[in-house]
Amino acid sequence: MRVDEEGLDTDHLASLLEEGARPKVVYVIPDFQNPTGATLSAARRAHLAALSERYGFVVLADDAYRPLRFEGEEPGGLPGDGGNLVRVSTFAKTLGPGLRLGWAVLPEWLVPAVVRIRQNQDQHSSLLTQRAVAELLGRPGAYDGILDRARSIYRARSTALRRALEGLAPDRIRLEPVRGGIFAWARILDDEVDVVRLRRVANELGTDFSVGTYFDPSGSGAFADRVRLGFSGHDEARLRDAATRLSQALGDPRSRG
Ligand SMILES: Cc1ncc(COP(=O)(O)O)c(C=O)c1O
């Protein structure tokens, strides 16, 4: 399914439905999509809700990055309580990756089937992890405090990375706006730069990023001029160093195809 700066392209979805596609579920990351960071606009949320009603599919919203909004308001408009919306979330982006613990909010009619499928898959998540997270959630304000802190750290880190790259390589790389989440999606502006070679040079200089084409399941070469820059795990000084190294790599002749 196509995605642009407003998130999932619901016109594309509508055309597939008109041509006869009959999905049971449409998966979407409404807020800070991975990898593009795009947030589904209010108009597209409403369009998706209308399509789900008309064609009877469930909207499966993956809310992994939703609590990490540090700028602006979340657009409204998903199907709401109409019985067609499943929201899944995870502690992976807020408490720690690898916890393998999350939750789902389902319409009543889906609960028995989802419980059955889950039981057939792996019975349940680690009891130890559940116990530790339950303990934390039971302390008033603790989880909210972690989210507040994460939002303010990520705002500062994404701003540091953006400012550094805008200062060092304004003609070579352009970052999409970052209003939440943990990474920036960026376009390499110089056509001659080959992103895979660029990464090799960046690695030699001591920094790294994800190559855009890795996120193209069709293998069609989409996102060939894109990179995903993770900013959550490093402080501002390190991010400025990373920006310096990336801009050096962008200017290095070995990064050209
Ligand atoms: C959209 C999205 N959902 C879920 C996850 C991972 O969550 P979990 O580790 O709980 O499966 C990721 C991690 O990369 C993600 O990007």
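In the range 146-188, the ratio of gyration radius to Kirkwood radius, Rg to Rh, stands at 1.03 when only Cα atoms are counted. Amide H contacts of residue 69: 181, each under 5 Å away and 5 or more positions distant or on a separate chain (H built 1.01 Å from N in the peptide plane; Pro and chain starts excluded). Calculated translational diffusion coefficient of the range 3-138 (37 °C, 0.692 mPa s; Stokes-Einstein with Kirkwood radius over alpha-carbon pairs) equals 201 µm²/s. Taking the C-alpha atoms only, the angle from helix 127-138 to the longest principal axis of the chain is near 90 degrees. Quick one: compute the contact order of the chain, relative version, from alpha carbon pairs under 8 angstrom and 6+ residues apart, as a percent. Relative contact order, the chain: 16 percent. Neighbours of residue 198, meaning other residues whose beta-carbon lies under 14 angstrom from its beta-carbon, give a summed charge of +2 when Lys and Arg score +1 and Asp and Glu score -1.
I'd like the FRET efficiency for residue 103 and residue 238, computed as 1/(1 + (r/R0)^6) with the beta carbon distance as r and R0 of 30 Å, rounded to 0.05. Efficiency for this residue pair is about 0.35. For the pair residue 135 and residue 203, a Förster radius of 41 Å applied to the C-beta separation gives a FRET efficiency near 0.55, rounded to the nearest 0.05. Percent of C-alpha pairs per 10 Å bin in the chain, short distances first: 7, 25, 30, 24, 12, 1.
Return the FRET efficiency for the residue pair residue 142, residue 114: r is the Cβ-Cβ distance, R0 is 30 Å, and the value is rounded to the nearest 0.05. The computed FRET efficiency comes out at 0.60.
For the range 144-255, report the % of Cα-Cα distances exceeding 21 Å. Roughly 34 percent, rounded to a whole number. Among the GluC sites (Glu not before Pro) in the range 159-257, those located in a DSSP loop and surrounded by at most 10 other Cβ atoms within 10 Å of their own Cβ are 192. At full extension, residue 149 and residue 88 could sit 19.7 nm farther apart than now, given 0.36 nm per residue minus the alpha carbon distance. Across the range 1-51 the C-alpha pair distances fall into 5 Å bins from zero in the proportions 5, 21, 33, 23, 13, 4 percent.
The trypsin sites (Lys or Arg not before Pro) of the range 69-116 that DSSP puts in a loop, and whose beta carbon has at most 16 other beta carbons within 10 Å, are 100. Within a Cβ distance under 11 Å of residue 17, other residues only, what is the Lys/Arg minus Asp/Glu net charge? Overall, the nearby charge balance is -1.
The numbers here are math on the coordinates, done by the rules we state, and not lab data. In this text the structure is predicted, and so the values were computed from the model without any measurement. Because the Cβ atoms are built from the backbone with ideal geometry, glycine has one as well, and the counts that use them run over all protein chains shown.
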